[in-house]
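The values are calculated or read from the model by the stated rules, or taken from the named source; none is laboratory data. This one's a predicted model, so the numbers in the text were calculated from it and none came from an experiment. Glycine also receives a Cβ, built like all others from the backbone with ideal geometry; neighbour counts cover every protein chain displayed. Each accessible area value is taken on the protein alone, full model and side chains, heavy atoms only, with ligands, DNA and RNA left out. Shrake-Rupley method; radii C 1.70, N 1.55, O 1.52, S 1.80 Å.
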Amino acid sequence: MIWQLEGITKHYDRGRFPFRESWTVLDEIDLGVVAGERVAVVGPSGSGKSTLIRCGLQLIPRTSGRIQLFGESTEGWSRAQWRAIRRRVQLLVQNPRAMLHPEVPVGALLTESASLHGHEQPQMAAEQALQEVGLGGRGASLPRQLSGGEQRRVGLARVLLAKPELLVVDEPTAGLDAAVKRDMLDLMLARATHAAVVMVSHDLKTVARVCHRVVVLAEGRVVEQFRTRDVDASFAPSHPVTAELLGAAGLLPSEVVS
Ligand code: ADP
Ligand code: MG
């Protein structure tokens, strides 16, 4: 198992003592991904998808639950251990600004990534990655000189350079034009063929096309799971949220991954 989450629970506190009340954003979530597998986590906005992956990679604290990465329990890990393991994991976040340094041109940022991940000619690798995501020659740009969609593509270039064993993507197509959505997703997967992938999205159609398995989240619980290859004309979702997402997707059997 590449990434295994067991019983992940997250409460947020609202208000101050003595009026504090807490509410449950994630309730005992189990999620696992094996080598070479691509799993989609879908659910409506606010269902807890982003919180789940952030808790599951220890980027924010969880209330309870266990995490295993690359077959090892992360119980009691030091910061250094987390840092080391995160090199093998790439997270493509929904808001790319958070990971781009405002004063560092994107080419320099990618060169640094390339050298961190062992490319022998980091500058060339960075230039090539920019070209692959359609931003050739834009290496001197600062993040704020790029549009939201372009910033996302820089994030993708960084993922391509990192050759991750586990790739986690939050809303893979957010901020991308319809025309480049498909290309970007294909590029991401073409370069991460051996990686385990977890894609989080409210858009079932986009992720079902490239994932083997779908986990449906609603109000912080896993309400249904299925294999994309089982989605055919006779597929009967057992939860209304799944039905809704499938309806919105207008999913055809020929469009799912085999
Ligand atoms: P999704 O990614 O599925 O749209 P999120 O994980 O972002 O959902 O949010 C799930 C729920 O947790 C939402 O109700 C959201 O308002 C709440 N939430 C997220 N972050 C915080 C926070 N820092 N403090 C309080 N509530 C939060
Ligand atoms: Mg989200």
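Dimensions of region 198-240 based on its C-alpha atoms, expressed as ranges along the principal axes with the largest first, amount to 28, 22, 13 Å. Farthest toward the positive end of the dipole of the chain, out of 9, 105, 234, is the Cα of 105, where the dipole comes from beta carbon charges about the Cα centre. Projected onto its three principal axes, the C-alpha set of region 18-124 covers 53, 33, 29 Å, listed from the longest axis down. Look at the dipole of region 147-187 built from charges on Cβ: of 172, 160, 184, the Cα furthest out on the positive end belongs to 160.
By the equivalent-ellipsoid construction on the alpha carbon gyration tensor, region 68-160 comes out with semi-axes of 27, 15, 11 Å, ordered largest to smallest. The packing ranking, built from the mean of other Cβ atoms within 10 Å per residue, places the peptides 48-58, 2-12, 195-205, 220-230 in the order 195-205, 48-58, 2-12, 220-230, highest first. Across the chain, Cα-Cα pairs farther apart than 25 Å form 47% of the total. Assuming charge only on the beta carbon of Lys and Arg (+1) and of Asp and Glu (-1), the dipole of the chain about its Cα centre is about 540 debye to the nearest 20.
Each Lys and Arg adds +1 at its Cβ and each Asp and Glu adds -1 at its Cβ; summed about the Cα centre, region 157-212 shows a dipole of about 140 debye. Count charges around residue 225 for me, please; just the other residues with Cβ under 11 Å from its Cβ, Lys/Arg as +1, Asp/Glu as -1. Around residue 225, the surrounding residues sum to -1.
If you wrap the tightest convex hull around every Cα atom of region 109-258 and split its volume per residue, you get 123 Å³. Split the accessible area of the chain by element, probe 1.4 Å, and carbon with sulfur accounts for 48%. Solvent-accessible surface of the chain, taken per residue with a 1.4 Å probe and all protein chains present: 50 Å².
Other residues with beta-carbon under 11 Å from the beta-carbon of residue 61 carry, at +1 per Lys or Arg and -1 per Asp or Glu, a net charge of +3. Once Rg and the Kirkwood radius are both taken over the C-alpha atoms of region 109-188, their ratio Rg/Rh works out to 0.95. Computed from point charges on the beta carbon alone (+1 for Lys and Arg, -1 for Asp and Glu), the dipole magnitude for region 126-258 about its Cα centre is near 300 Debye.
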